[in-house]
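Participant: One structure, as structure tokens, below. Some questions next.
The values are calculated or read from the model by the stated rules, or taken from the named source; none is laboratory data. Every value quoted in this text rests on a predicted model; they were computed, and no experiment measured them. Please note: Cβ atoms are built from the backbone with ideal geometry, for glycine as well, and neighbour counts cover all protein chains shown. Just so you know, the surface numbers come from the protein's heavy atoms only, side chains and all, with ligands and any DNA or RNA stripped out. Shrake-Rupley method; radii C 1.70, N 1.55, O 1.52, S 1.80 Å.
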Amino acid sequence: MAKIIDGKKISGEFLEKLGADVLSLKEKGIVPGLAVIIAGNNSASRVYVRNKIKICTQLGIHSESYNLPEDVSMPELLELIGTLNKKESIHGILPQLPLPSHLDEREVIAAISPKKDVDAFHRENVGAIMIGEYNFLPCTPAGVMELLRAEGIPAQGKNCVVVGRSNIVGKPMAMLLLHENATVTICHSKTKDLPAICKTADILICAIGKAKFFTGDMINPGAVVIDVGMNRDENGKLCGDADFSSCEPVAGYITPVPGGVGPMTIAMLMKNTVTAAARRFAQD
Ligand code: GUN
């Protein structure tokens, strides 16, 4: 029987502390501000954006949401980002991904001021993370590290297996674990004998994007299973990349979906927005 890592509770405690930082910035005349850009009608993206705006409101962070049509052009989008880069009341800019396929995601991310890049996707921020000198960490991997910290699980010396190599999760996740002195293996779709490698993991990061892919027979007894997946199962129910019912009896710890990594991702976005506002204030 695994201990269930309660991301909702841990994120709630984190946000409560962050609320105090928002208040102390407000006392100095600074209201942190986040702009979220969404293009098109991706229903999952709309839910994510709504949740982000809701938490901003709860924390007293100013938020603006820009709903652009599916056929928005690159120049139009870049012009909006240029305006937001200059806007004093906005400290963080987040284009919700994925963007419609005719838009060049890399170019969009590169157009965001690195000081307002609260996703930490800009190449300048990605490079800073590689050398361990960062202002922002990407929200999902940072949220996972916070969950491990909250549960008192050190990564140092552990065999950590990260399954997935996206720029958003897999690659930065591996780097953050490495910074904590873990031994890190990154696996992907071309990895040979993935189940055998998963079975060596003290900490298994499931970020493959396939519903219930990881089953109990792939889990090292007592391992920490962190499920970054957000999928729909055959009945349309939200589920992770790990098959909870077969993994939970084998694992030592496991994050549920929903209620595990997801709430932490939003909490880290709020933290990055507050950090961006505080940095700007320090520079003024
Ligand atoms: N889409 C899914 N996850 C993310 C994220 O962390 N940031 C952005 N901008 N888009 C996403």
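Participant: Out of 167, 181, I need the residue that is of a type in the set (S, T, N, Q), within 15 Å of the ligand (Cβ to nearest atom), open to solvent by 60 Å² or more (accessible area, probe 1.4 Å) and out of contact with any helix residue (DSSP H, G or I) (no Cβ under 7 Å at 6 or more places or on another chain). Which one?
Facilitator: Being of a type in the set (S, T, N, Q), within 15 Å of the ligand (Cβ to nearest atom), open to solvent by 60 Å² or more (accessible area, probe 1.4 Å) and out of contact with any helix residue (DSSP H, G or I) (no Cβ under 7 Å at 6 or more places or on another chain) holds for just one of 167, 181, which is 167.
Participant: If you don't mind, another one. Could we say that residue 81 is within 13 Å of the ligand (Cβ to nearest atom), touching a residue at least 24 places away in the same chain (Cβ under 8 Å) and assigned to a helix (DSSP H, G or I) here?
Facilitator: Values: within 13 Å of the ligand (Cβ to nearest atom): yes; touching a residue at least 24 places away in the same chain (Cβ under 8 Å): yes; assigned to a helix (DSSP H, G or I): yes.
Answer is yes for this residue.
Participant: Hey, residue 149 hits all of (1) touching a Phe, Trp or Tyr at 6+ places or on another chain (Cβ under 8 Å); (2) farther than 19 Å from residue 229 by Cβ; (3) assigned to a helix (DSSP H, G or I) but one; which does it fall short on?
Facilitator: (1) is the only condition that residue 149 fails.
Participant: Residues of region 31-71 being hydrophobic (A, V, I, L, M, F, W, C) and either surrounded by fewer than 19 Cβ atoms within 10 Å (Cβ to Cβ) or in a helix (DSSP H, G or I) (or both), which ones?
Facilitator: If the condition is that a residue be hydrophobic (A, V, I, L, M, F, W, C) and either surrounded by fewer than 19 Cβ atoms within 10 Å (Cβ to Cβ) or in a helix (DSSP H, G or I) (or both), then 31, 44, 47, 49, 53, 55, 56, 59, 68 are the ones that fit.
Participant: State all residues of region 86-101 that are out of contact with any strand residue (DSSP E or B) (no Cβ under 6 Å at 6 or more places or on another chain), farther than 16 Å from residue 168 by Cβ and in contact (Cβ under 8 Å) with a residue 12 or more places away in the chain; if no residue qualifies, say none.
Facilitator: 87
Participant: I need a count of the residues in region 86-105 that are away from the ligand (no atom under 16 Å from the Cβ) and either within 27 Å of residue 275 (Cβ to Cβ) or under 20 Å from the mean Cα position of the chain (by Cα) (or both).
Facilitator: Within region 86-105, residues that are away from the ligand (no atom under 16 Å from the Cβ) and either within 27 Å of residue 275 (Cβ to Cβ) or under 20 Å from the mean Cα position of the chain (by Cα) (or both) number 4.
Participant: With respect to residue 131, determine if the residue is among the aliphatic types (A, V, I, L, M) and more than 19 Å from the chain's Cα centre (by Cα).
Facilitator: Spelling it out, residue 131 is indeed among the aliphatic types (A, V, I, L, M) and more than 19 Å from the chain's Cα centre (by Cα).
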